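The structure under discussion appears below in the form of structure tokens.
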Amino acid sequence: MASTKQLPLFESWGRYPRLQAAELAPIHWSTDFPRQSVAPAQLPVGLGRSYGDVCLLENGVLLETSGLDRFLAFDPSTGILRCEAGVSLAQILDFAVPRGFFLPVTPGTKFVTVGGAIANDIHGKNHHVAGSFGCHVRQLELVRSDGSSIICSPERNADWFRATVGGCGLTGLITWAEIQMRPIVSPRIDYEGIQFHGIDELIELFKSNSGIEYTVAWIDCVSTGANFARGIYMLGDHSDVPAPLVAGGKAKLNFPVDLPAVFLNRHTMRAFNEVYFHKQFGKRVKSLVHYEPFFYPLDAVLHWNRMYGKDGLLQFQCALPWEGGKEGMIELLRAITRSGLASFLAVLKAFGDIPSPGMLSFPMPGLMLALDFPIREGVSFKLLDNLASITREHGGRLYSAKDARMTAEQFQAFYPQWQEFSRYVDPGFDSAFWQRVTGRRPIDG
Amino acid sequence: MGEKNKLPKRVLALGATSGIAEATLRLFAESGANLFLVGRNAAKLEAVRADLMARGAASADVYTVDLNDTAQHPALLEQAVQTLGAIDLALLAHGVLGDQEAAQADYAVAEVVLYTNFLSAVSLITWLANYFEKNHAGVLAVISSVAGDRGRKSNYVYGASKGALSIFLDGVRNRIDRSGVQVLTIKPGFVATPMTSHLPKGPLFAQPAQVAKGIVRAIERRSDVVYLPPFWELIMLIICSIPERIFKKLNL
Ligand SMILES: Cc1cc2nc3c(=O)[nH]c(=O)nc-3n(C[C@H](O)[C@H](O)[C@H](O)COP(=O)(O)OP(=O)(O)OC[C@H]3O[C@@H](n4cnc5c(N)ncnc54)[C@H](O)[C@@H]3O)c2cc1C
Ligand SMILES: NC(=O)c1ccc[n+]([C@@H]2O[C@H](COP(=O)([O-])OP(=O)(O)OC[C@H]3O[C@@H](n4cnc5c(N)ncnc54)[C@H](OP(=O)(O)O)[C@@H]3O)[C@@H](O)[C@H]2O)c1
């Protein structure tokens, strides 16, 4: 029955680049690693929700960690959860919400693993009050390809902790981690949406609402003139009115096919942005919503990335320091609007000043912009390269988890600590990303 | 939905580190069951125990033994009864797929597959059937396989071990069902567990969590034989209805 042994392609979320691994090695038990026979380089992967090439390795062994899905200990009096690294944030929510706890930090999808969340030191809408995911990791176990185990925390083996948090899977396999959860009394979010026009208005909103736990802005990157940089500023706090603690549902839809790329064009995007902006009638809207649509509106459709067609998509995500950040942001938005390539998923947020624990962590105090682009021959790469240059001119940096394009030279300027970091890289590990940003793999186009 | 039995509370799991068993035990842990977990690898057993305790098991004890050592079975089963107080459900899940090509070339390889999947199970089932019969209660749930329904060239050694197991269970059921004991034969199709991790995953593969739900449902409904996912019953009906003179020429 299973005679044709064709290796499935492990894809990142952007489905670009497409690189064939030599082997997909499922890790079900922490004792499955290190493996008996390892010739080529290896790399742990979670659920492939990174956009670019941090979770890819051509001709290497991908260690698939989603079988490491066990909870190891939970203390309801402190909210400390210890679990294996392949446990997904969705599984944690199903477990923790009925027990009155929530994730300390969550990205825009719950289909990421704890290992992936640590390795990219991910951030959420509460960065300004909670910092990055790594700020809530109390300790973790790192197993190296020579079989040695390092338990590390902000206090113990602190250098290994700083290298592994945000370390893009290069320092070894994270087998388990201990996370400080936050208590909740309701699964609901007190939500408010406010329309804004222009960056000045938006920055004002961020500054005046810094006490609200979750803040983010959706921004229209299509409209010009009077509507340039309009959007909706979204705020939320965990409701303090006790309510039955029910976790969110499963994905209801699955995007079945690759959509032809022509579907996403200037006209459909303009229409979408128009509808989205006016979806909210009036300047301010308040409501009480379940956390699921508030945090994970896109998770309702599994594999929505197929909407971008077979060629895939790229994400651009940068952080700019406050100093000159506003001007930089306007320049970026102008370049994006002019290109006509913008999609509807543009998000802007103010990062707070809680330091991230990782050597290569992305967040920095200032402004953050993220948006998706379809890959279009000849134009998308040029635009991204231009945006990277603007980011660099304004003292910002790009997010490795979302990137497939920055050059070695750019990366090394964005992350000057990279040389210190490289001393912690496991000699048996490598990734397409690491090959690229250390100048060992060329960039297309 | 029909009449539902209460979920058994005191559960003995043989081969508790199996992917299917683990997923099933999670559902029992969530219902606050007392668990006695048997496996041959202490490190894996400990990870499973910790997970089941975190998920809400009232207790979880482990026992490390190679189940091919049938001489150890009485001691281990007595220990389980002593620790749990009594056994309401025994789930037999240990098994090996084996390498068909190696097994058809060398009887010694085939013997391990037959011993693990059939004879060690016979030893456990014999003791457990007598135990449950004496108590006039209990559930004996055993994981066999759709592969036991008909021999195919790609895995007939494994298939024979499971086929023998299914027939043995039919007989045991015929004997002790009337004493109030449920004997459940579980026949999964392809399930994504370590056993099949070397196989490319097609659309016929089920997740262990999905199979686990089916097992619990079959226990609640007091079923005799269950195919999981249920569509395998139809597939096997078709496969078993193909005349042998045609079947022998197929590449299955
Ligand atoms: C819709 C969507 C929204 C998103 N929103 C956000 C957001 O708001 N904020 C944000 O920060 N990110 C966001 N992301 C990105 C995502 O959170 C990160 O890319 C995350 O790291 C993906 O986790 P994963 O489990 O899929 O890991 P993968 O993408 O498979 O791997 C990510 C990295 O983790 C490493 N890794 C995985 N497991 C281990 C392990 N056990 N040990 C060591 N290294 C390991 C890999 O080597 C790789 O370098 C979003 C992504 C999507 C698709
Ligand atoms: N996966 C499928 O597609 C599929 C389909 C139909 C039926 N089944 C049956 O389902 C059952 C569970 O299998 P699974 O899919 O969950 O695979 P699995 O995760 O590989 O589980 C098999 C388990 O059996 C244990 N085991 C094997 N020999 C043993 C011995 N001598 N003593 C003690 N433990 C022993 C293994 O222990 P170690 O971990 O220590 O090796 C392992 O935990 C098996 O009976 C299998 O035949 C599986």
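Things worth noting here:
- Evaluated over chain B, the Cα radius of gyration and Dmax, each in Å: 17.6, 55
- For region B:84-231: rounded, prolate or oblate by the Cα gyration tensor [a/c cutoff 1.5]: oblate
- Among the chymotrypsin sites (Phe, Trp or Tyr not before Pro) within region A:364-423, not one is in coil by DSSP while having at most 16 neighbouring Cβ atoms inside 10 Å.
- For trypsin sites (Lys or Arg not before Pro), the sites in region A:272-304 that DSSP calls loop and that have at most 12 other Cβ atoms within 10 Å are A:Lys283.
- Of all DSSP bridge pairs formed entirely within the protein assembly as shown, close to 60 percent run antiparallel.
- Share antiparallel - DSSP beta bridges, region B:1-146, percent rounded to 5: 0
- Rounded percent of accessible protein surface that carbon and sulfur make up, chain B, 1.4 Å probe: 55
- log10 of Debye I(q)/I(0), alpha-carbon scatterers only, for region B:76-135 at 0.15, 0.16, 0.24 Å⁻¹: -0.56, -0.61, -0.95
- Per DSSP, loop chymotrypsin sites (Phe, Trp or Tyr not before Pro) in region A:265-372 with at most 16 further Cβ within 10 Å: A:Phe281, A:Trp322
- Over all pairs of different C-alpha atoms, region A:67-205 has a mean inverse distance whose reciprocal, the Kirkwood radius, equals 16.0 Å.
- Computed extension gain for B:Ala108 through B:Val225, at 0.36 nm per residue and net of the alpha carbon distance, reaches 39.0 nm.
- Solvent exposure of region A:188-405, expressed per residue, is 44 Å² of accessible area, with all protein chains present and a 1.4 angstrom probe.
- Accessible surface, region A:1-110, averaged per residue in Å² (probe 1.4 Å): 37
- Ignoring aspartates and glutamates fewer than eight residues from A:Lys286 along the same chain, the ones with Cα atoms less than 18 angstrom from its Cα are A:Asp190, A:Glu192, A:Glu213, A:Asp237, A:Asp240.
- Amide H to amide H distances under 5 Å link A:Leu314 with A:Phe373, A:Ile375, where only residues 5 or more positions off or on other chains count and H is placed in the peptide plane.
- Residue pairs exceeding 18 angstrom between C-alpha atoms, taken from A:Lys207/A:Lys402; A:Lys310/A:Lys349; B:Lys201/B:Lys248; B:Lys6/B:Lys213; B:Lys9/B:Lys213: A:Lys207/A:Lys402; A:Lys310/A:Lys349; B:Lys201/B:Lys248.
- Ignoring aspartates and glutamates fewer than eight residues from B:Lys162 along the same chain, the ones with Cα atoms less than 14 angstrom from its Cα are B:Glu111, B:Asp149, B:Asp170.
- Per the accessible-area calculation with a 1.4 Å probe, the total area buried between chain B and chain A rounds to 1500 Å².
- Computed over region A:188-405, Kirkwood Rh from alpha-carbon pairs, angstrom: 18.5
- Dividing the convex hull volume of the alpha-carbon atoms in the protein assembly as shown by its residue count gives 178 Å³ per residue.
- Percent accessible area from carbon and sulfur atoms, region A:188-405, protein chains only, probe 1.4 Å: 60
- Probe 1.4 Å - accessible area at A:Thr268, Å² to nearest ten: 50
- For region A:394-402, Karplus couplings with θ = phi - 60° (6.51, -1.76, 1.60), whole Hz, Gly/Pro x: 9, x, x, 8, 9, 9, 4, 4, 10
The values are calculated or read from the model by the stated rules, or taken from the named source; none is laboratory data. What you see is a predicted model, and the numbers here were worked out from it, not measured in a lab. Every residue, glycine as well, gets a Cβ built from its backbone with ideal geometry; the counts of neighbours run over all protein chains shown. These accessible areas exclude ligands, DNA and RNA; they are computed on the full protein's heavy atoms, side chains included. Shrake-Rupley method; radii C 1.70, N 1.55, O 1.52, S 1.80 Å.
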